[in-house]
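The values are calculated or read from the model by the stated rules, or taken from the named source; none is laboratory data. A quick note: this is a predicted structure, and the numbers were derived from the prediction, not measured. Quick reminder, even Gly has a Cβ in these numbers, built from the backbone with ideal geometry, and neighbours come from all protein chains shown.
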Amino acid sequence: MRIPALNKNKIVQPVFVCSLVLVVLATVLIIRFLDDSDQRLLAEIPVSTENPSRETVEVEIPDGLNVGEIAQLLSDSRIGGHQRDLLTLVGLLDSGRSIRSGNYTFNGSRSSGMAVAHLLKGPDSDYILDFQPGQRNEEILETLVTVSQFTLAEWESAVTTLLDSRKASFLLDPQLLISEDFGPSSSISMLQGYLHPGAYMITTDTSLFDLLAAMFDNLSRLITEQMLSDAAKNGYTIREVIILASIIEREVTKEAELPLVASVFLNRLDDSMRLQSDATVQFALAEDESSVDLHGWWKQAVQQEDLRTESRYNTFLIEGLPPTPISNPSLTAIMAVIYPAQTDYLFFLGSPKCDGTHNFADTYEEHLENMTLFNSSECAASIQ
(Lines give C-alpha, C1' and ligand atoms only; values in the text may rest on other atoms or scores of the structure.)
Protein backbone atom coordinates (compact mmCIF):
# COMPACT_ATOMS: atom_id res chain seq x y z
CA MET A 1 0.00 0.00 0.00
CA ARG A 2 1.32 3.41 -0.91
CA ILE A 3 1.36 5.77 2.04
CA PRO A 4 0.73 9.24 0.61
CA ALA A 5 3.81 11.39 0.25
CA LEU A 6 3.74 14.54 2.27
CA ASN A 7 3.61 17.92 0.63
CA LYS A 8 7.17 19.03 -0.05
CA ASN A 9 6.25 22.74 0.05
CA LYS A 10 6.55 23.09 3.79
CA ILE A 11 5.70 26.30 5.58
CA VAL A 12 8.59 25.80 7.95
CA GLN A 13 11.75 23.88 7.16
CA PRO A 14 13.24 21.80 9.99
CA VAL A 15 16.63 22.72 11.39
CA PHE A 16 18.84 20.00 12.83
CA VAL A 17 20.80 20.70 15.98
CA CYS A 18 22.97 17.95 17.45
CA SER A 19 22.76 18.68 21.15
CA LEU A 20 20.27 16.84 23.29
CA VAL A 21 20.60 14.34 26.10
CA LEU A 22 20.73 10.71 24.95
CA VAL A 23 17.50 9.64 26.60
CA VAL A 24 15.55 12.33 24.74
CA LEU A 25 17.31 11.56 21.46
CA ALA A 26 16.52 7.86 21.81
CA THR A 27 12.87 8.64 22.43
CA VAL A 28 12.74 10.96 19.43
CA LEU A 29 14.31 8.35 17.15
CA ILE A 30 11.59 5.92 18.13
CA ILE A 31 8.95 8.54 17.33
CA ARG A 32 10.52 9.09 13.92
CA PHE A 33 9.35 5.63 12.90
CA LEU A 34 6.02 5.63 14.74
CA ASP A 35 4.04 8.53 13.33
CA ASP A 36 0.72 7.31 14.74
CA SER A 37 2.09 7.49 18.30
CA ASP A 38 3.80 10.88 18.07
CA GLN A 39 1.84 12.67 20.77
CA ARG A 40 1.79 9.71 23.18
CA LEU A 41 5.54 9.27 22.95
CA LEU A 42 6.26 12.97 23.01
CA ALA A 43 4.40 13.14 26.31
CA GLU A 44 6.97 10.76 27.78
CA ILE A 45 9.83 13.22 27.28
CA PRO A 46 10.62 14.73 30.68
CA VAL A 47 9.58 18.25 31.61
CA SER A 48 12.43 20.72 31.64
CA THR A 49 13.54 21.37 35.21
CA GLU A 50 14.20 25.00 34.30
CA ASN A 51 10.51 25.64 33.61
CA PRO A 52 8.56 23.95 36.41
CA SER A 53 5.59 26.35 36.22
CA ARG A 54 2.36 24.68 35.02
CA GLU A 55 0.09 27.68 34.39
CA THR A 56 -1.61 28.13 31.00
CA VAL A 57 0.37 30.19 28.50
CA GLU A 58 -1.01 31.58 25.25
CA VAL A 59 1.41 32.24 22.40
CA GLU A 60 0.73 33.74 18.98
CA ILE A 61 3.01 32.48 16.21
CA PRO A 62 3.01 35.03 13.39
CA ASP A 63 3.11 34.01 9.75
CA GLY A 64 6.56 33.73 8.18
CA LEU A 65 8.65 32.68 11.18
CA ASN A 66 11.27 30.01 10.64
CA VAL A 67 11.87 27.12 13.05
CA GLY A 68 14.63 28.93 14.92
CA GLU A 69 12.45 31.98 15.50
CA ILE A 70 9.53 29.81 16.66
CA ALA A 71 11.79 27.90 19.04
CA GLN A 72 13.14 31.18 20.43
CA LEU A 73 9.61 32.56 20.87
CA LEU A 74 8.56 29.48 22.86
CA SER A 75 11.73 29.49 24.90
CA ASP A 76 11.24 33.19 25.75
CA SER A 77 7.69 32.28 26.86
CA ARG A 78 9.16 29.64 29.19
CA ILE A 79 7.70 26.81 27.10
CA GLY A 80 9.67 23.70 26.22
CA GLY A 81 12.95 24.44 27.90
CA HIS A 82 16.04 25.34 25.87
CA GLN A 83 15.72 26.62 22.35
CA ARG A 84 18.19 23.96 21.18
CA ASP A 85 15.94 21.17 22.54
CA LEU A 86 12.96 22.51 20.61
CA LEU A 87 15.02 22.88 17.46
CA THR A 88 16.28 19.32 17.68
CA LEU A 89 12.83 17.85 18.28
CA VAL A 90 11.23 19.78 15.44
CA GLY A 91 14.09 18.87 13.12
CA LEU A 92 13.79 15.18 13.88
CA LEU A 93 10.00 15.00 13.96
CA ASP A 94 8.84 17.38 11.28
CA SER A 95 9.36 14.93 8.39
CA GLY A 96 7.57 17.20 5.95
CA ARG A 97 4.87 18.51 8.24
CA SER A 98 4.00 22.16 8.45
CA ILE A 99 3.90 24.43 11.50
CA ARG A 100 1.02 26.80 10.91
CA SER A 101 0.79 30.33 12.20
CA GLY A 102 -1.93 31.11 14.74
CA ASN A 103 -2.73 31.10 18.45
CA TYR A 104 -1.50 28.22 20.60
CA THR A 105 -2.50 27.52 24.20
CA PHE A 106 -0.01 25.47 26.23
CA ASN A 107 -1.58 23.89 29.30
CA GLY A 108 -0.03 22.19 32.32
CA SER A 109 3.23 20.38 31.63
CA ARG A 110 5.18 22.24 28.98
CA SER A 111 8.00 19.85 28.16
CA SER A 112 9.85 20.19 24.87
CA GLY A 113 8.09 17.07 23.67
CA MET A 114 4.57 18.29 24.37
CA ALA A 115 5.34 21.74 23.02
CA VAL A 116 6.42 20.24 19.71
CA ALA A 117 3.41 17.89 19.69
CA HIS A 118 1.15 20.93 19.99
CA LEU A 119 3.02 22.73 17.20
CA LEU A 120 2.65 19.77 14.86
CA LYS A 121 -1.05 19.42 15.68
CA GLY A 122 -1.73 23.02 14.72
CA PRO A 123 -3.16 26.20 16.28
CA ASP A 124 -6.19 26.40 18.54
CA SER A 125 -8.29 28.41 16.13
CA ASP A 126 -10.68 26.86 13.62
CA TYR A 127 -9.74 26.79 9.95
CA ILE A 128 -11.26 25.78 6.62
CA LEU A 129 -10.05 23.10 4.21
CA ASP A 130 -11.26 23.56 0.64
CA PHE A 131 -11.25 20.34 -1.38
CA GLN A 132 -11.44 20.84 -5.14
CA PRO A 133 -13.62 18.79 -7.53
CA GLY A 134 -11.61 16.11 -9.29
CA GLN A 135 -9.22 15.36 -6.45
CA ARG A 136 -8.57 11.70 -5.74
CA ASN A 137 -8.65 10.36 -2.20
CA GLU A 138 -4.87 10.21 -2.01
CA GLU A 139 -4.69 13.97 -2.58
CA ILE A 140 -7.29 14.57 0.11
CA LEU A 141 -5.36 12.36 2.52
CA GLU A 142 -2.11 14.19 1.74
CA THR A 143 -3.76 17.48 2.68
CA LEU A 144 -5.15 16.01 5.89
CA VAL A 145 -1.77 14.54 6.86
CA THR A 146 0.17 17.70 6.04
CA VAL A 147 -2.20 20.40 7.26
CA SER A 148 -4.30 18.73 9.93
CA GLN A 149 -1.83 16.08 11.15
CA PHE A 150 -4.26 13.20 10.68
CA THR A 151 -2.71 9.81 9.97
CA LEU A 152 -3.23 6.92 7.59
CA ALA A 153 -4.34 4.77 10.54
CA GLU A 154 -7.00 7.35 11.44
CA TRP A 155 -8.17 7.37 7.81
CA GLU A 156 -8.51 3.58 7.78
CA SER A 157 -10.44 3.62 11.06
CA ALA A 158 -12.70 6.46 9.88
CA VAL A 159 -13.50 4.71 6.58
CA THR A 160 -14.34 1.45 8.37
CA THR A 161 -16.65 3.25 10.80
CA LEU A 162 -18.25 5.30 8.03
CA LEU A 163 -18.99 2.28 5.84
CA ASP A 164 -20.54 0.50 8.80
CA SER A 165 -22.63 3.47 9.94
CA ARG A 166 -23.85 4.34 6.41
CA LYS A 167 -24.34 0.82 5.05
CA ALA A 168 -28.04 1.51 4.48
CA SER A 169 -27.28 4.52 2.26
CA PHE A 170 -28.50 4.38 -1.34
CA LEU A 171 -24.98 5.40 -2.36
CA LEU A 172 -23.34 2.28 -0.97
CA ASP A 173 -23.66 -0.27 -3.73
CA PRO A 174 -22.67 -3.68 -2.30
CA GLN A 175 -19.74 -3.73 -4.73
CA LEU A 176 -18.23 -0.80 -2.83
CA LEU A 177 -17.49 -3.18 0.02
CA ILE A 178 -15.60 -5.70 -2.12
CA SER A 179 -12.00 -4.72 -1.48
CA GLU A 180 -10.52 -6.61 -4.43
CA ASP A 181 -12.26 -4.15 -6.73
CA PHE A 182 -10.01 -1.44 -5.43
CA GLY A 183 -6.51 -2.83 -5.76
CA PRO A 184 -3.73 -2.63 -3.16
CA SER A 185 -4.78 0.73 -1.68
CA SER A 186 -8.32 -0.31 -0.78
CA SER A 187 -8.48 1.63 2.48
CA ILE A 188 -7.75 4.84 0.61
CA SER A 189 -9.70 4.04 -2.55
CA MET A 190 -12.78 2.61 -0.84
CA LEU A 191 -14.74 5.88 -0.85
CA GLN A 192 -13.28 7.26 -4.08
CA GLY A 193 -15.96 9.37 -5.73
CA TYR A 194 -18.15 9.61 -2.62
CA LEU A 195 -16.37 12.42 -0.75
CA HIS A 196 -18.12 15.56 -1.87
CA PRO A 197 -15.71 18.44 -2.58
CA GLY A 198 -16.11 21.85 -1.01
CA ALA A 199 -15.08 23.93 2.00
CA TYR A 200 -15.17 22.24 5.40
CA MET A 201 -14.60 23.84 8.80
CA ILE A 202 -12.01 22.05 10.94
CA THR A 203 -12.13 22.70 14.67
CA THR A 204 -10.04 21.36 17.51
CA ASP A 205 -12.79 18.77 18.12
CA THR A 206 -13.11 17.59 14.50
CA SER A 207 -12.17 13.94 14.05
CA LEU A 208 -11.31 12.44 10.69
CA PHE A 209 -14.53 10.44 10.88
CA ASP A 210 -16.48 13.71 11.37
CA LEU A 211 -14.93 15.17 8.23
CA LEU A 212 -15.34 12.12 5.97
CA ALA A 213 -18.90 11.61 7.22
CA ALA A 214 -19.73 15.25 6.41
CA MET A 215 -18.33 14.86 2.88
CA PHE A 216 -20.23 11.61 2.30
CA ASP A 217 -23.47 12.91 3.82
CA ASN A 218 -23.31 16.10 1.75
CA LEU A 219 -23.25 14.02 -1.42
CA SER A 220 -26.15 11.92 -0.12
CA ARG A 221 -28.23 15.03 0.53
CA LEU A 222 -27.49 16.60 -2.84
CA ILE A 223 -28.53 13.59 -4.93
CA THR A 224 -32.31 13.70 -5.06
CA GLU A 225 -34.88 10.97 -5.67
CA GLN A 226 -35.65 12.64 -9.00
CA MET A 227 -32.02 12.41 -10.05
CA LEU A 228 -31.92 8.72 -9.13
CA SER A 229 -35.11 8.12 -11.10
CA ASP A 230 -33.84 9.99 -14.16
CA ALA A 231 -30.51 8.15 -14.08
CA ALA A 232 -32.37 4.83 -13.96
CA LYS A 233 -34.52 5.89 -16.95
CA ASN A 234 -31.27 6.45 -18.85
CA GLY A 235 -30.14 2.95 -17.89
CA TYR A 236 -27.51 3.86 -15.28
CA THR A 237 -27.13 3.23 -11.57
CA ILE A 238 -25.96 6.03 -9.30
CA ARG A 239 -22.63 4.21 -8.98
CA GLU A 240 -22.16 4.26 -12.76
CA VAL A 241 -23.15 7.92 -12.84
CA ILE A 242 -20.52 8.79 -10.23
CA ILE A 243 -17.85 6.79 -12.08
CA LEU A 244 -18.50 8.67 -15.31
CA ALA A 245 -18.81 12.00 -13.50
CA SER A 246 -15.41 11.39 -11.90
CA ILE A 247 -13.93 10.97 -15.39
CA ILE A 248 -15.46 14.04 -17.02
CA GLU A 249 -14.48 16.11 -13.95
CA ARG A 250 -10.84 15.36 -14.81
CA GLU A 251 -11.30 15.93 -18.56
CA VAL A 252 -12.86 19.40 -18.31
CA THR A 253 -11.60 22.72 -16.98
CA LYS A 254 -14.56 24.78 -18.21
CA GLU A 255 -17.71 23.90 -16.26
CA ALA A 256 -19.94 24.78 -19.23
CA GLU A 257 -18.43 21.90 -21.19
CA LEU A 258 -19.31 19.19 -18.65
CA PRO A 259 -22.66 18.28 -20.32
CA LEU A 260 -20.96 18.22 -23.74
CA VAL A 261 -18.17 15.88 -22.66
CA ALA A 262 -20.71 13.75 -20.80
CA SER A 263 -22.65 13.42 -24.06
CA VAL A 264 -19.51 12.22 -25.86
CA PHE A 265 -18.85 9.43 -23.40
CA LEU A 266 -22.51 8.42 -23.14
CA ASN A 267 -22.78 8.28 -26.94
CA ARG A 268 -19.65 6.15 -27.10
CA LEU A 269 -21.03 3.76 -24.47
CA ASP A 270 -24.31 3.52 -26.42
CA ASP A 271 -22.33 2.66 -29.57
CA SER A 272 -20.16 0.08 -27.69
CA MET A 273 -17.06 2.21 -28.25
CA ARG A 274 -14.25 2.43 -25.72
CA LEU A 275 -14.22 5.68 -23.77
CA GLN A 276 -10.53 6.36 -24.52
CA SER A 277 -10.25 8.90 -21.73
CA ASP A 278 -6.82 10.33 -20.96
CA ALA A 279 -7.93 10.88 -17.36
CA THR A 280 -8.32 7.14 -16.83
CA VAL A 281 -4.81 6.62 -18.21
CA GLN A 282 -3.49 9.18 -15.73
CA PHE A 283 -5.24 7.29 -12.94
CA ALA A 284 -3.83 3.99 -14.18
CA LEU A 285 -0.29 5.39 -14.33
CA ALA A 286 -0.54 6.44 -10.69
CA GLU A 287 -0.91 2.79 -9.67
CA ASP A 288 2.87 2.73 -10.14
CA GLU A 289 4.66 4.51 -7.28
CA SER A 290 7.58 5.47 -9.52
CA SER A 291 5.18 7.33 -11.83
CA VAL A 292 3.71 9.21 -8.88
CA ASP A 293 7.20 10.16 -7.74
CA LEU A 294 8.03 11.51 -11.21
CA HIS A 295 4.74 13.02 -12.32
CA GLY A 296 2.48 13.34 -9.29
CA TRP A 297 -0.96 11.77 -9.10
CA TRP A 298 -1.96 13.11 -12.53
CA LYS A 299 0.70 13.02 -15.25
CA GLN A 300 0.16 16.17 -17.28
CA ALA A 301 1.30 15.17 -20.76
CA VAL A 302 0.04 11.66 -21.57
CA GLN A 303 2.27 10.04 -24.17
CA GLN A 304 1.40 7.46 -26.81
CA GLU A 305 3.13 4.68 -24.88
CA ASP A 306 1.07 5.57 -21.80
CA LEU A 307 -2.09 4.59 -23.67
CA ARG A 308 -0.87 0.97 -23.61
CA THR A 309 -0.62 0.86 -19.80
CA GLU A 310 -2.11 -2.42 -18.57
CA SER A 311 -4.80 -1.55 -16.05
CA ARG A 312 -8.48 -2.13 -15.32
CA TYR A 313 -8.78 1.66 -15.40
CA ASN A 314 -7.26 2.30 -18.82
CA THR A 315 -10.30 2.93 -21.01
CA PHE A 316 -8.15 2.76 -24.14
CA LEU A 317 -7.89 -0.98 -23.42
CA ILE A 318 -11.04 -1.93 -21.49
CA GLU A 319 -14.67 -1.96 -22.56
CA GLY A 320 -17.17 0.19 -20.71
CA LEU A 321 -16.52 1.95 -17.41
CA PRO A 322 -13.58 1.40 -15.05
CA PRO A 323 -14.40 -0.52 -11.83
CA THR A 324 -14.51 2.53 -9.55
CA PRO A 325 -14.58 6.32 -9.72
CA ILE A 326 -11.18 7.90 -10.38
CA SER A 327 -11.81 11.15 -8.50
CA ASN A 328 -14.38 12.92 -6.34
CA PRO A 329 -16.69 14.80 -8.72
CA SER A 330 -18.78 17.90 -8.16
CA LEU A 331 -22.56 17.90 -8.15
CA THR A 332 -22.36 19.76 -11.48
CA ALA A 333 -20.45 16.87 -13.06
CA ILE A 334 -22.95 14.35 -11.65
CA MET A 335 -25.83 16.43 -13.03
CA ALA A 336 -24.07 16.59 -16.42
CA VAL A 337 -24.07 12.78 -16.63
CA ILE A 338 -27.75 12.49 -15.65
CA TYR A 339 -28.77 15.44 -17.85
CA PRO A 340 -26.20 15.55 -20.68
CA ALA A 341 -26.30 17.78 -23.72
CA GLN A 342 -28.21 16.18 -26.57
CA THR A 343 -25.55 15.75 -29.26
CA ASP A 344 -24.19 13.21 -31.73
CA TYR A 345 -20.61 13.92 -30.63
CA LEU A 346 -18.26 10.95 -30.38
CA PHE A 347 -14.94 12.80 -30.09
CA PHE A 348 -13.46 15.85 -28.40
CA LEU A 349 -10.00 17.39 -28.42
CA GLY A 350 -8.34 20.39 -26.82
CA SER A 351 -8.84 23.60 -28.75
CA PRO A 352 -5.81 25.04 -30.59
CA LYS A 353 -6.65 28.32 -28.84
CA CYS A 354 -5.17 26.72 -25.70
CA ASP A 355 -7.86 28.30 -23.54
CA GLY A 356 -9.08 25.13 -21.85
CA THR A 357 -12.00 24.61 -24.24
CA HIS A 358 -12.46 21.71 -26.65
CA ASN A 359 -13.44 21.07 -30.24
CA PHE A 360 -16.10 18.39 -30.71
CA ALA A 361 -16.79 16.07 -33.62
CA ASP A 362 -19.52 13.66 -34.74
CA THR A 363 -17.26 11.61 -37.00
CA TYR A 364 -13.68 10.36 -36.98
CA GLU A 365 -12.98 12.38 -40.13
CA GLU A 366 -13.99 15.58 -38.36
CA HIS A 367 -11.91 14.51 -35.38
CA LEU A 368 -8.85 14.08 -37.62
CA GLU A 369 -9.37 17.62 -38.93
CA ASN A 370 -9.45 18.89 -35.34
CA MET A 371 -6.27 16.93 -34.61
CA THR A 372 -4.52 18.56 -37.56
CA LEU A 373 -5.55 22.01 -36.36
CA PHE A 374 -4.40 21.27 -32.83
CA ASN A 375 -1.07 19.66 -33.78
CA SER A 376 -0.11 22.69 -35.88
CA SER A 377 -0.90 25.11 -33.07
CA GLU A 378 1.37 26.73 -30.50
CA CYS A 379 -0.72 25.02 -27.84
CA ALA A 380 0.43 21.57 -29.01
CA ALA A 381 4.06 22.67 -28.97
CA SER A 382 3.72 23.99 -25.42
CA ILE A 383 2.74 20.61 -23.96
CA GLN A 384 5.36 18.43 -25.65
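Can you give me the ranges of the helices (runs of 4 or more DSSP H) entirely in segment 211-303 with at least 3 residues that are within 22 Å of ILE140 (Cα to Cα) and in contact with a Pro (Cβ under 7 Å, 6 or more places away or on another chain)?
Numbers: elements: 225-233, 238-251, 258-270, 278-285, 289-295.
Because the criterion is at least 3 residues that are within 22 Å of ILE140 (Cα to Cα) and in contact with a Pro (Cβ under 7 Å, 6 or more places away or on another chain), the helices (runs of 4 or more DSSP H) in segment 211-303 that meet it are 238-251.
Taking PHE374 as the residue in question, decide whether it is more than 21 Å from GLN132 (Cβ to Cβ), touching a Gly at 6+ places or on another chain (Cβ under 8 Å) and either assigned by TED's automatic domain parsing to the domain that holds ASP230 or assigned to a loop (DSSP other than H, G, I, E, B) (or both). Steps first, please.
On the way: more than 21 Å from GLN132 (Cβ to Cβ): yes; touching a Gly at 6+ places or on another chain (Cβ under 8 Å): yes; either assigned by TED's automatic domain parsing to the domain that holds ASP230 or assigned to a loop (DSSP other than H, G, I, E, B) (or both): yes.
Answer is yes for this residue.
Of the residues in segment 307-356, how many are closer than 23 Å to LEU373 by Cβ and among the acidic types (Asp, Glu)? Let's see the steps before the verdict.
Filtering segment 307-356 down to residues closer than 23 Å to LEU373 by Cβ leaves 307, 316, 341, 343-356.
Filter once more, keeping what is among the acidic types (Asp, Glu): 344, 355.
The qualifying residues number 2.
Please specify each residue of segment 282-307 satisfying the condition of being under 19 Å from VAL252 (Cβ atoms) and polar (S, T, N, Q).
GLN282, GLN300
Take ASP217 and tell me if it is under 19 Å from the mean Cα position of the chain (by Cα) and among the charged types (D, E, K, R). Step through it out loud before you land on a result.
Details: under 19 Å from the mean Cα position of the chain (by Cα): yes; among the charged types (D, E, K, R): yes.
For ASP217, the condition - under 19 Å from the mean Cα position of the chain (by Cα) and among the charged types (D, E, K, R) - is met.
Within segment 117-146, can you find the residues that are out of contact with any Pro (no Cβ under 7 Å at 6 or more places or on another chain), among the hydrophobic types (A, V, I, L, M, F, W, C) and not in a strand (DSSP E or B)?
ALA117, LEU119, LEU120, ILE140, LEU144, listed by residue number.
Are there any pairs with C-beta distances below 8 angstrom linking a residue in segment 192-214 that is closer than 15 Å to VAL159 by Cβ and in the same structural domain as SER246 (by TED's automatic domain parsing) to a residue that is part of a loop (DSSP other than H, G, I, E, B) and among the basic types (Lys, Arg), with the two at least 6 apart or on different chains, and if so which?
none
Give the residue that is surrounded by the most Cβ atoms within 10 Å (Cβ to Cβ), with candidates limited to residues of segment 246-272 that are under 16 Å from GLY193 (Cβ atoms) and not aliphatic (A, V, I, L, M).
Looking at residues that are under 16 Å from GLY193 (Cβ atoms) and not aliphatic (A, V, I, L, M), I get SER246.
Filter segment 300-349 for residues that are out of contact with any strand residue (DSSP E or B) (no Cβ under 9 Å at 6 or more places or on another chain) and small (Gly, Ala, Ser); which is farthest from LYS233 (Cα to Cα)?
First, pick out the residues of segment 300-349 that are out of contact with any strand residue (DSSP E or B) (no Cβ under 9 Å at 6 or more places or on another chain): 300-327, 329, 331-342, 344.
Still in the running and small (Gly, Ala, Ser): 301, 311, 320, 327, 333, 336, 341.
Working: ALA301: 37, SER311: 31, GLY320: 19, SER327: 25, ALA333: 18, ALA336: 15, ALA341: 16 Å.
Across segment 300-349, the extreme among qualifying residues is ALA301.
Going through segment 319-333 one residue at a time, which ones are crowded, with 24+ Cβ neighbours inside 10 Å and not in a loop (DSSP other than H, G, I, E, B)?
ALA333
Would you check if ALA341 is assigned to a helix (DSSP H, G or I), surrounded by 15 or more Cβ atoms within 10 Å (Cβ to Cβ) and either hydroxyl-bearing (Ser, Thr, Tyr) or at pLDDT 95 or above (or both)?
Values: assigned to a helix (DSSP H, G or I): no; surrounded by 15 or more Cβ atoms within 10 Å (Cβ to Cβ): yes; either hydroxyl-bearing (Ser, Thr, Tyr) or at pLDDT 95 or above (or both): yes.
Criteria not met by ALA341.
This table checks each residue for (1) within 28 Å of ILE140 (Cβ to Cβ); (2) among the aliphatic types (A, V, I, L, M).
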| site | (1), (2) |
| --- | --- |
| GLU319 | no, no |
| MET335 | yes, yes |
| TYR339 | yes, no |
| GLN342 | no, no |
| GLY350 | yes, no |
| GLU365 | no, no |
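Per-residue answers, yes or no, for (1) surrounded by fewer than 18 Cβ atoms within 10 Å (Cβ to Cβ); (2) assigned by TED's automatic domain parsing to the domain that holds PRO323; (3) within 21 Å of SER189 (Cβ to Cβ):
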{"site": "ARG274", "(1), (2), (3)": "yes, yes, no"}
{"site": "SER277", "(1), (2), (3)": "no, yes, yes"}
{"site": "LEU285", "(1), (2), (3)": "no, yes, yes"}
{"site": "ASP288", "(1), (2), (3)": "yes, yes, yes"}
{"site": "VAL292", "(1), (2), (3)": "no, yes, yes"}
{"site": "GLN304", "(1), (2), (3)": "yes, yes, no"}
{"site": "ARG312", "(1), (2), (3)": "yes, yes, yes"}
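Could we say that SER148 is assigned by TED's automatic domain parsing to the domain that holds ILE202 and either at pLDDT below 70 or among the small types (Gly, Ala, Ser) (or both) here? Give the derivation first.
On the way: assigned by TED's automatic domain parsing to the domain that holds ILE202: yes; either at pLDDT below 70 or among the small types (Gly, Ala, Ser) (or both): yes.
Judged against the criteria, SER148 is a match.
Go through (1) out of contact with any helix residue (DSSP H, G or I) (no Cβ under 9 Å at 6 or more places or on another chain); (2) in a loop (DSSP other than H, G, I, E, B); (3) crowded, with 17+ Cβ neighbours inside 10 Å for HIS367 and report which single condition fails.
For HIS367, the failing item is (2).
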